[in-house]
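First comes the structure, then the notes that go with it.
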Amino acid sequence: MNEKIHVLDSTAFFAGIPFQGEGKYFTTYQVLDEVRGRGVGAQLIHSRVHITEPSKESVQKVKEASNRTGDKKSLSEADTSILAVTLDLVKSRMGAQVILVTDDFAVRNVAEVIGINLSETAIRGQWKQITWVTYCKGCGKEYPDTKRSVCEVCGTKLSRKPKASN
């Protein structure tokens, strides 16, 4: 039987996931910081959940993927860490079923691009991977550079929208 590993984002803690199922549970210190003081018992977390840090290599892969999808600005440090830890576990636990549990759309979007298996806590409906484009609502100019925040043509604050599929 394959080992089952759940990597938990903050939404999984709020849904009570690590306290109701079987398998091994992992998260990061950054995610733990997000859930502390929000009704999630630290005692229970430490007894059921392994807390770990991601490798620099996996963090870099997540950043590159989030740049490609246009989700870079939407990912927090905790989001990046949880995606990177999931990549590390997929590499180090060959044969194990590694599943990232999250309801965060930006995290899910990047996870899809880098081939991470997903499970949700509350999302309903069909999930579809999205690639974002940064654009100006004023003049319509599109920018491949997601670091830009103001239109160079008209000075309007930039927004993002799903890229049209071909």
**Item:** Cβ pairs under 9 Å, 6+ apart, first in region 148-166 and closer than 15 Å to D71 by Cβ and surrounded by 11 or more Cβ atoms within 10 Å (Cβ to Cβ), second among the aromatic types (F, W, Y) and at pLDDT below 75
**Value:** R160/W132; K161/W132; P162/W132; K163/W132
**Request:** Among the residues of region 47-81, write down those that are without any contact (Cβ under 8 Å) to a residue 24 or more places away in the chain and farther than 25 Å from G23 by Cβ.
**Result:** K56, E57, Q60, K63, E64
**Asked** Does any residue of region 76-86 turn out to be modelled with pLDDT under 95, among the hydroxyl-bearing types (S, T, Y), exposed (fewer than 14 other Cβ atoms within 10 Å of the Cβ) and out of contact with any Pro (no Cβ under 9 Å at 6 or more places or on another chain)?
**Response** no
**Request:** Return yes when E34 is within 15 Å of the chain's Cα centre (by Cα) and at pLDDT below 85 and no when it is not.
**Result:** yes
**Request:** Scan K147, K163, K128, K141 and give me the residue that is modelled with pLDDT of 65 or more and more than 17 Å from K73 (Cβ to Cβ).
**Result:** K141
**Request:** Could you tell me whether any residue of region 11-19 is hydroxyl-bearing (S, T, Y), outside any strand (DSSP E or B), out of contact with any Pro (no Cβ under 7 Å at 6 or more places or on another chain) and modelled with pLDDT of 75 or more?
**Result:** yes
**Complete:** Of the residues in region 46-69, those that are of a type outside the set (D, E, K, R), touching an Asp or Glu at 6+ places or on another chain (Cβ under 9 Å) and in a helix (DSSP H, G or I) come to S58, V62, A65, S66, T69
**Message:** Among the residues that make up region 75-98, is at least one of them in a loop (DSSP other than H, G, I, E, B) and under 27 Å from S159 (Cβ atoms)?
**Reply:** yes
**Item:** Every pair of residues 6+ apart whose Cβ atoms lie under 8 Å, when the first sits in region 82-109 and is on the phi > 0 side of the Ramachandran plot while the second is surrounded by fewer than 23 Cβ atoms within 10 Å (Cβ to Cβ) and acidic (D, E)
**Value:** G95/E3
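The values are calculated or read from the model by the stated rules, or taken from the named source; none is laboratory data. Computed from a predicted model, the values in this text were never measured in an experiment. So basically every Cβ, Gly included, is an ideal-geometry build from the backbone, and we count neighbours across all protein chains shown.
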